[in-house]
Amino acid sequence: MNSAPVLVGYTAVVGFVAPPLMLRAGWPHRAPALAVAVWHALAVSFSIGVALSAYNLAMPTEHLHAGLVGLLHSCGLDMGSGPPDPDTAGRLAVGVPAAIAIALVASFVFHVTRARRARAEHRETLDLVGRRSARLSATVLPYDIPAAYCLPGRHPRIVISDAAVRELTPDQLGAVLEHEQAHIAGRHHLALAATEAFHSVFRWLPLARHAREQTALLLEMVADDRALRSHSHEVLATVMYEMAAARAPKGTLAAGGHTVLIRLTRVLAPREAPHPALRGSMAAAAVAVPLLPLLLTCPPGLG
């Protein structure tokens with residue numbers, strides 16, 4: 001039995017139906033780290049589903065119309081008079097999934113390398129115009145707007161403007177530094193590069209667009225929650241307000257930016273942790289969803 005129709009249907013659901021459901025759900029903002037894992041799981045599941053769909057469509061079956069090569073043959077598009085060539089089917093079955101995998105890996109490497117190069121160039125600028133503060137464990141940059149961001153990677157660095165040092169209280173500065181340290185410790189730049197790579201390959205897909213946007217927002221919320229472990233909601237909200245207009249260089253992660261209003265509303269609203277059952281079910285979904293295309297291809301009990 002050819003699994004292609006089931007796989008195509010499943011992949012369509014993941015790519016087009018799941019994103020609006022995730023966007024309407026209330027739990028992702030209450031458990032942002034778990035929500036990031038679910039968005040990535042959906043992206044992985046879609047990629048596997050597309051690859052397996054291509055494989056199953058390309059493989060000839062005893063029913064001519066069930067395979068992609070058979071479909072081309074029946075439409076007169078294979079430029080031959082005989083039945084579908086098994087060698088052509090085999091090449092398509094291997095080549096299309098391989099091309100998808102190579103495109104995703106190459107895109108990820110490209111985005112990681114490009115961001116690393118941008119950070120390296122920015123570090124050189126910081127060495128010229130910034131000054132190292134041992135007290136803050138950060139580089140202080142001359143800038144007349146309160147701002148803070150981090151350069152993640154193998155040589156991480158937190159950067160804060162001298163306006164922020166002058167205008168923020170020690171507690172507020174501590175919240176800023178905790179926020180940026182969370183980005184570095186969590187290697188959030190790699191999660192962002194993964195969604196950028198997925199979006200580059202499947203640019204037309206709602207899942208790719210929303211996964212990229214939501215991952216960036218949710219990772220800021222993860223860093224906010226890290227700062228809230230040792231600082232009050234009012235302190236963090238004040239810092240976010242003060243840094244709302246700040247802009248960060250390419251390849252960095254900043255405490256301010258265009259997501260501040262959403263995050264500010266979240267920080268000031270009454271907090272309610274997600275129910276343990278919901279958290280457990282979403283964690284299980286993050287693990288299981290990437291495996292579903294494989295189960296659909298090889299359902300138990302079928303030989």
Extension reserve of the residue 169-residue 114 stretch, reckoned as 0.36 nm per residue once the Cα distance is removed: 16.2 nm
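If you build the convex hull over the alpha carbons only and average its shadow over all orientations, what do you get for the range 128-220? Give it in nm² to one decimal.
Details: hull surface 28.9 nm².
So the Cα hull casts an average projection of 7.2 nm².
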Calculate, in nm to one decimal, what residue 273 and residue 294 gain on full extension: separation in residues at 0.36 nm each, minus their alpha carbon distance. 4.2 nm
Of the options 200, 163, 297, report the single residue whose Cα projects farthest towards the positive end of the charge dipole of the chain (beta-carbon charges: Lys, Arg +1; Asp, Glu -1). 163
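Based only on other Cβ atoms within 10 Å, what is the fewest-to-most ordering of 13, 267? Don't jump to the answer; show the numbers that get you there.
Details: 13 13, 267 22.
Exposure proxy ranking, most exposed first: 13, 267.
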Separation of the residue 91 and residue 261 label points, Cα + 7 Å toward Cβ, nm: 5.4
Using only Cα atoms, locate the centre of the range 145-217 and the centre of the range 228-293, then give the distance between them in Å, rounded to an integer. 11
State, to one decimal in nm, how far the label point of residue 128 lies from the label point of residue 13, with both points 7 Å from Cα in the Cβ direction. 5.6
Which of (1) 173; (2) 158; (3) 149 is the computed volume of the Cα convex hull per residue in Å³? It is (3)
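Could you work out [θ]222 nm for the chain from helices alone, using -39500 (n - 2.57) per DSSP H run of at least four and dividing by all its residues? Round to the nearest 500 deg cm²/dmol.
Working: 13 runs with 191 residues, N = 303.
That calculation yields -20500 deg cm²/dmol at 222 nm.
I need the peptides 28-34, 224-230 ranked by packing, meaning the mean over residues of other C-beta atoms within 10 angstrom, with the highest value on top.
Values: 28-34: 19.6, 224-230: 17.4.
Going by the mean number of other Cβ atoms within 10 Å, highest first, we get 28-34, 224-230.
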Taking θ = phi - 60°, what integer Hz values does the Karplus form 6.51 cos²θ - 1.76 cosθ + 1.60 yield along the range 20-37, in sequence order, with x for Gly and Pro? x, 5, 5, 5, 7, 6, x, 6, x, 6, 8, 9, x, 5, 5, 5, 4, 4
Low-density loop positions, chymotrypsin sites (Phe, Trp or Tyr not before Pro), the range 171-246 - DSSP coil, at most 11 other Cβ in 10 Å: 204
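Bear in mind these aren't lab numbers, they're just calculated from the coordinates by the rules spelled out. These figures come from a predicted structure and were not determined experimentally. Positions of Cβ are backbone-derived with ideal geometry, glycine not excepted, and every protein chain shown enters the neighbour counts.
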